[in-house]
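Some notes on the structure that comes next.
The values are calculated or read from the model by the stated rules, or taken from the named source; none is laboratory data. All of these numbers come straight from a predicted model, not from anything done at the bench. No Cβ is skipped: glycine too gets one built from the backbone with ideal geometry, and neighbour counts run over all protein chains shown. Just the protein is used for accessible areas: all its heavy atoms, side chains included, with ligands, DNA and RNA removed. Shrake-Rupley method; radii C 1.70, N 1.55, O 1.52, S 1.80 Å.
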Amino acid sequence: MADSKQLTSGAPHAERHSAKHATPGTYVAVLGALAVLTLIELIVVYLGLLGQILLVLIAISKAWLVLQFYMHLRYERKILTWIFLLPAIAVGIVTVIMQFFVT
Amino acid sequence: MQQETALTQTVSHAPSAAEHTAHGAEHSADHLKMASFTYSIENSKMAMWLFLASEMFLFSVLIIAYIIARYAYPEAHAQLNVPLTSINTFILLLSSFSVVWALSGVQTGNQTRLLRGLAGVIGLGTLFFLLMMYEYAEMSHHGITLAHPFGMAFYALTGLHGAHVVIGLVWAVYVFNRAFNGVYTKDNYWGVEFWGLYWHFVDVVWIFIFTVVYLL
């Protein structure tokens with residue numbers, strides 16, 4: 001363990017980031033949040049509330065929770081977040097633009 | 001404690017560049033081997049994320065095609081079974097939780113939790129796929145087949161996702177087999193972690209498919 005601690009101090013920044021993890025309690029909390037958000041989605045649909053923008057925002061929130069906590073992006077090097085986020089933003093913009101042509 | 005264990009997992013294999021300079025050639029052979037192991041994992045992880053990002057483009061093309069078909073054929077969209085798919089959504093979310101439960105098990109040296117978590121994913125993933133097949137049969141019964149323009153867009157998108165689920169399940173069985181044989185330990189679990197990234201991505205894609213295809 002002493003050896004490990006010694007290495008920790010000298011380990012590259014990126015490796016120290018990837019060494020952290022969420023706790024089981026966090027995993028349970030995220031599952032609860034995902035379930036509640038899905039229920040809200042269903043309530044919004046069946047009651048005919050605010051509609052499309054709210055549903056898309058909830059979907060983005062759910063995906064963000066999975067990416068951050070279950071896929072550990074929160075604890076990884078930031079470059080991995082950007083590798084995923086930039087194409088996601090590009091895809092989102094194209095999809096929104098397409099909406100103007102189909103509706 | 002968990003973080004400390006995890007730190008040990010990473011750094012015990014990861015002497016930094018600075019240490020290499022300081023110690024010179026004294027331990028070079030062993031250290032280079034260990035550093036190579038760690039950096040190969042870091043590089044593989046980045047490659048995995050690049051792969052997942054490229055997959056996003058693939059799915060986005062099909063999602064846009066679906067949106068076009070959905071507005072062109074609203075009567076076909078009305079045939080979708082939202083209650084059944086909602087249950088399937090909860091099943092897939094639960095499977096993602098099962099993945100991280102298995103991962104946290106192996107990270108703390110709890111092999112039982114690892115095996116139970118993996119078995120949970122295999123069971124839930126199979127159930128998801130079977131319900132999807134039931135939904136397909138139901139859709140075909142309503143006349144929405146591959147020959148229908150809406151059906152073509154619907155089956156292409158959800159079918160590609162289903163194919164990803166099947167690949168993830170086959171991979172899960174492989175991981176389970178290795179876990180059963182004691183390959184993964186709290187110092188070596190990247191095989192579980194990489195498969196987990198893939199499975200979570202399948203979940204993330206489904207989150208958007210559920211909203212765009214079934215709810216909007």
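Look at B:Val175 and say whether it is surrounded by fewer than 22 Cβ atoms within 10 Å (Cβ to Cβ), more than 10 Å from chain A (Cβ to nearest Cβ) and under 18 Å from B:Ala102 (Cβ atoms).
Details: surrounded by fewer than 22 Cβ atoms within 10 Å (Cβ to Cβ): no; more than 10 Å from chain A (Cβ to nearest Cβ): yes; under 18 Å from B:Ala102 (Cβ atoms): yes.
Criteria not met by B:Val175.
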| said: Return the residues of segment A:74-103 that are more than 17 Å from B:Ser54 (Cβ to Cβ), at the interface with chain B (Cβ under 7 Å from one of its Cβ atoms) and within 15 Å of the chain's Cα centre (by Cα); say none if nothing qualifies. | reply: none
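Suppose the filter is open to solvent by 40 Å² or more (accessible area, probe 1.4 Å), over 22 Å from B:Trp195 (Cα atoms) and more than 7 Å from chain B (Cβ to nearest Cβ); does A:Ile40 pass it?
Considered against the rule, which asks whether it is open to solvent by 40 Å² or more (accessible area, probe 1.4 Å), over 22 Å from B:Trp195 (Cα atoms) and more than 7 Å from chain B (Cβ to nearest Cβ), A:Ile40 comes out as yes.
Is at least one residue of segment A:46-63 in a helix (DSSP H, G or I), within 21 Å of B:Trp206 (Cβ to Cβ), touching a residue at least 24 places away in the same chain (Cβ under 8 Å) and open to solvent by 30 Å² or more (accessible area, probe 1.4 Å)? Before you say what the answer is, go through the steps one by one.
Step one: list which residues in segment A:46-63 are in a helix (DSSP H, G or I), which gives A:46-47, A:52-63.
In the following step, the residues that additionally are within 21 Å of B:Trp206 (Cβ to Cβ) were identified as A:46, A:52-63.
Pick out the ones that are also touching a residue at least 24 places away in the same chain (Cβ under 8 Å) and you get A:61-62.
With open to solvent by 30 Å² or more (accessible area, probe 1.4 Å) added as a condition, the list becomes A:61.
Yes, segment A:46-63 has at least one match.
Which is modelled with pLDDT of 60 or more, farther than 24 Å from B:Tyr136 by Cβ and assigned to a helix (DSSP H, G or I), of B:Ala22, B:Ala53, B:Ala65? Walk me through it before giving the result.
Values: B:Ala22 fails: modelled with pLDDT of 60 or more; B:Ala65 fails: farther than 24 Å from B:Tyr136 by Cβ.
Answer to the check: B:Ala53.
Can you confirm whether segment B:92-109 contains a residue that is at pLDDT below 90 and open to solvent by less than 30 Å² (accessible area, probe 1.4 Å)? I'd like the intermediate steps shown before the answer.
Here is the first cut: in segment B:92-109, the ones at pLDDT below 90 are none.
Among the residues of segment B:92-109, not one is at pLDDT below 90 and open to solvent by less than 30 Å² (accessible area, probe 1.4 Å), which makes the answer no.
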| query | So how many residues does segment B:132-172 have that are out of contact with any Leu (no Cβ under 9 Å at 6 or more places or on another chain), among the aliphatic types (A, V, I, L, M), part of a helix (DSSP H, G or I) and open to solvent by 40 Å² or more (accessible area, probe 1.4 Å)? | reply | 6
| query | Can we say A:Ala29 is open to solvent by less than 50 Å² (accessible area, probe 1.4 Å) and free of Cβ contacts under 8 Å to residues at least 40 places away in the same chain? | reply | no
| Which pairs have Cβ atoms under 9 Å, sit 6 or more apart or on different chains, and link a residue in segment B:107-119 that is in contact (Cβ under 8 Å) with a residue 60 or more places away in the chain and within 13 Å of B:Val192 (Cβ to Cβ) to one that is outside any helix (DSSP H, G or I) and of a type in the set (Gly, Ala, Ser)? | B:Gln111/B:Gly182
